[in-house]
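First comes the structure, then the notes that go with it.
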Amino acid sequence: MIGLLKSMATTMKHALSGDTFTVEYPEEAPEVSARFRGVHKFSQERCIWCRQCENVCPNDTIQIVTDNQRNGEQYNLHVGQCIYCRLCEEVCPVDAILLTENFEFTGDTKHDLVFNKEQLKNVPWYNDIDPVASREPDRGAWIGDGEGEVDYQ
Ligand code: SF4
Ligand code: SF4
């Protein structure tokens, strides 16, 4: 009984203080943590097709297709089944994957959220994400900053 009264007192204290902890989404975009893990962006320019992201991904969200010379041919992303564990970003040796702050995308079924690298370039909600504005990539990666803009698909 005392516990119930204490919890009600805490609730009333916050209710009457005027503080708000929610926003009127979608009119107002919520601020997410700097460590938030949203949909990831891929840079074909940086990728060395080592397949480590594909191997570490626990649920086949990423599929890499290479030819018999190990040249990269395709990067398939099944966004609808990603669990945002960030293992792919951590394992990538060249910052070719960055998880961004974006969580705003929809599809009627998970099949609507399956893309290859060419299709990703034409998906508005994906194309508009600026990954570097969301998060600074790990500049300690061995490839360094490279030259010019990084083209994240
Ligand atoms: S964040 Fe995790 S689940 Fe999503 S693509 Fe990367 S490794 Fe796979
Ligand atoms: S780990 Fe990075 S470099 Fe290797 S295939 Fe994946 S995106 Fe490309």
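What's log10 of I(q)/I(0) for segment 32-134 at q = 0.16, 0.18, 0.24 Å⁻¹, Debye sum over Cα points only, no solvent? Each listed q corresponds, in turn, to -0.66, -0.85, -1.58.
Backbone geometry of segment 112-123 corresponds, through the Karplus equation with coefficients 6.51, -1.76 and 1.60 at θ = phi - 60°, to 3J(HN,Hα) couplings of 6, 10, 10, 9, 9, 5, 6, 5, 4, 5, 10, 8 Hz, x marking Gly and Pro. Partners of LYS117 within straight-line reach, counting lysines whose Cα lies under 18 Å from its Cα and excluding those fewer than 8 residues away in the same chain: LYS41. Between amide H atoms placed 1.01 Å from N, distances below 5 Å from GLU45 occur with ASP151, all of them 5 or more places distant or on a separate chain. Here the extension length gained between LYS110 and ALA15 equals 30.3 nm, from 0.36 nm per residue of separation less the Cα-Cα distance. As a proxy for reagent exposure, ranking VAL94, VAL65, VAL39, VAL23 by other Cβ atoms within 10 Å from fewest up yields VAL23, VAL65, VAL94, VAL39.
Note on LYS13: no lysines have a C-alpha under 21 Å away, same-chain residues under 8 apart excluded. Residue exposure proxy: CYS85, CYS53, CYS47, ordered by other Cβ atoms within 10 angstrom of their Cβ from fewest to most, comes out as CYS85, CYS47, CYS53.
Any read-out appearing in this document is the output of simple, stated calculations on the displayed coordinates, not a laboratory observation. Small disclaimer: the values here were computed from a predicted structure and weren't measured. No Cβ is skipped: glycine too gets one built from the backbone with ideal geometry, and neighbour counts run over all protein chains shown.
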